[in-house]
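Have a look at the structure below, then the notes.
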Amino acid sequence: LAALMILQAVCAALFVIDIIDDLAELPSGGGMTTHMMIELFANAGLILAIVVEGLFLRRLLRQQARTEKALSAASGALHDLMQDYFAQWGLTAAEADVAGFTIKGFSIAEIAAMRQSAEGTVKSQLNAIYRKSGLSGRGQLVSLLIEDLLSGPLPVAGAPALRPAKSVLD
């Protein structure tokens, strides 16, 4: 959009130069011709379009900044929420690692490959996670975190995540 605005500004400048040249060639006392009026209105329209595009671009950039900030906050909140639950459940570092990969949607085979462990080890760790958390599987684990994120304001960085008063999983 910025490149288009620059191109339009160059065209507007050329129009202005042409209008000034046309005015200089007018005999004294001569009025503006139809051609000159058309050029003047076209140039005014072009300049107006540049201004409108500039305002639109500024609005888009502000919206993008707000969206990125919200996404960053949500990402940090999810991480903090996960860590709080992992601590509450008493997960080991390895179990917390496996739980994090599970929440991100990796398969048992993928988790085993990333952790350089056997699939049986990952399955055993997942069973321990579900037993300690009281959840029945991956779906409930993800649902619990999403529900908590959507049920209230984002937690402040460093503050413990608060569990909603009533959860559909309780």
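The values are calculated or read from the model by the stated rules, or taken from the named source; none is laboratory data. Nothing here was measured: the structure is a model prediction, and the numbers come from that model. Here Cβ is always computed from backbone atoms with ideal geometry, including for glycine, and neighbour counts include all displayed protein chains. Please note that ligands, DNA and RNA were not included when accessible areas were found on the heavy atoms of the full protein model with its side chains. Shrake-Rupley method; radii C 1.70, N 1.55, O 1.52, S 1.80 Å.
Note on exposure: 52, 142 ranked by accessible area (1.4 Å probe, complete protein assembly) read 52, 142, with the most exposed listed first.
Which sequence of 104, 123 reflects their accessible areas, 1.4 Å probe, from the largest down? Numbers along the way, then the final one.
Numbers: 104 145, 123 100 Å².
These residues rank, largest area first, as 104, 123.
Counting only heavy atoms of the protein chains and using a 1.4 Å probe, residue 56 has close to 90 Å² of accessible surface.
Tell me whether the range 31-105 comes out rounded, prolate or oblate; compute the Cα gyration tensor, take square roots of the eigenvalues as a ≥ b ≥ c, and use a/c under 1.5 as the rounded threshold. Verdict is prolate for the range 31-105.
Relative to the current alpha-carbon distance between residue 124 and residue 138, full extension at 0.36 nm per residue lengthens the span by 3.6 nm. Computed from label points 7 Å out along Cα-Cβ, the spacing between residue 40 and residue 9 is 2.6 nm. Heavy-atom accessible surface of residue 34, to the nearest 10 Å², is about 100 Å², with a 1.4 Å probe and all protein chains retained.
In terms of accessible area, using a 1.4 Å probe and ignoring ligands and nucleic acids, 60, 145 rank largest first as 60, 145.
Dividing the Cα radius of gyration of the range 1-129 by 2.2 N^0.38 Å, with N the residue count, gives 2.28.
Only protein heavy atoms count here; under a 1.4 Å probe, residue 85 has an accessible surface of about 10 Å². What the phi angles of the range 83-92 give under the Karplus curve with 6.51, -1.76 and 1.60, with θ = phi - 60°, is a coupling list of 4, 5, 5, 4, 5, 4, 7, x, 6, 6 Hz, glycine and proline written as x.
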